[in-house]
Amino acid sequence: MTTNVRIIAALLALLLFWALGASLYTVGEMQQALVVRLGAPVDLVKSPGLNLKVPLIDSVFFYDTRLLTLAPPSEQVILGDQKRLEVETYARYRITDPLLFYKSVRTIDQANAQLTQLLSSSLRRELGQVMLKSLLSDQRPAIVQRIQNEVLDKAKPLGLEIAEVRFHRADLPFETSQAIYDRMKSERQREAKELRAQGFEWAQQIQAKAERERAVLISDAQRQSKITRGEADAKANQIFAQAFGRDPQFYKFYRTLQTYRQALADTAPTLVLSPDTAFLKDFKFGPAGHGKP
């Protein structure tokens, strides 16, 4: 009998400890708790500390009071000018009404899924009315603010408050970027070919002009040299004529020396001639000789 009593007492003690543990729950500094009894919310605890609940009947749902971050995957959006843009956004929100939050979505995962849909629809609706150049100008903050206001209004029935909506990244899709890059590359190559062709044409023009100026300069120089040579020859002939008039014998001797110089300048060091040749007459008898001495 004593053993049975001990067993029953031990079981009662264990049951008491379990009931005590199941009746207590702790709310943290950055938490708020919603107590639900048999599916119906009965209490909202916002103050941190130790609290009681009915075991097996009450369920406690804890919600964070801090800002939560939503980072949905990137998606392609068609802009108002029919250009595709790959946009990656993020949002920061907090749970302001746990009771409404529990009735509408219950869990954070469901809330993130609902917010992702709301953000996507608002993003597509707003960006579908703007041009790409607007996103690259000072109008971008106003566009983002309109998206945030729309999501804020739609999130209020979920017990959520949207604190911030921002673009994390907004780029052209890879295929579009590659096509633009290829188009820019071909355009630059075409411009380079045009510049090379233009440079080659200019080089040909400059070279032709230089050749023409060179030919003109050479022609002028040759003409001037011929004129100068002609004038010099005329002057020399005039001097020769005057010398011939004054002393024909000396003129004849001078012309003979010129003949010697021109004839002997183009020959080898050795010249073979007959001793009685007329070419050597002045060498043998002098300028006034008329036979052998």
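Just so you know, all these numbers are worked out from the coordinates, no wet-lab data involved. Computed from a predicted model, the values in this text were never measured in an experiment. Every residue, glycine as well, gets a Cβ built from its backbone with ideal geometry; the counts of neighbours run over all protein chains shown.
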Counting Lys and Arg as +1 and Asp and Glu as -1 over every other residue whose Cβ sits under 9 Å from the Cβ of residue 159, the net charge comes to 0
Let a ≥ b ≥ c be the square roots of the eigenvalues of the Cα gyration tensor of segment 68-172; is it rounded (a/c under 1.5), or, if not, prolate (a/b larger than b/c) or oblate?
prolate
Among the listed pairs 133/185; 103/154; 53/154; 133/154; 83/156; 83/185, give every one whose C-alpha distance is greater than 25 Å.
53/154; 133/154; 83/156
If amide H atoms are modeled at 1.01 Å from N in the peptide plane, then the residues at a separation of 5 or more from residue 65, or on another chain, having amide H under 5 Å from its own are 31, 32
Label segment 188-246 by shape, choosing from rounded, prolate and oblate, from the square roots a ≥ b ≥ c of the eigenvalues of the Cα gyration tensor; if a/c is under 1.5 it is rounded, and otherwise prolate applies when a/b is larger than b/c, oblate when it is not.
prolate
Sequence order, segment 122-136: Karplus ³J(HN,Hα) from phi using 6.51 cos²θ - 1.76 cosθ + 1.60, θ = phi - 60°, Hz rounded, Gly and Pro as x, gives 5, 5, 5, 5, 6, 6, x, 10, 10, 9, 4, 5, 5, 5, 9
Net +/- balance of residues flanking residue 95 in space, Cβ distance below 15 Å, scoring K and R +1, D and E -1:
+3
How much length, in nm to one decimal, is gained on full extension between residue 187 and residue 200, taken as 0.36 nm per residue of separation minus their Cα-Cα distance?
2.7 nm
So if we plug the beta-carbon distance of residue 153 and residue 47 into 1/(1 + (r/R0)^6) with R0 = 51 Å, what FRET efficiency do we get, rounded to 0.05?
0.95
Sorted by Cβ neighbour density within 10 Å, fewest at the top, the residues 30, 131:
30, 131
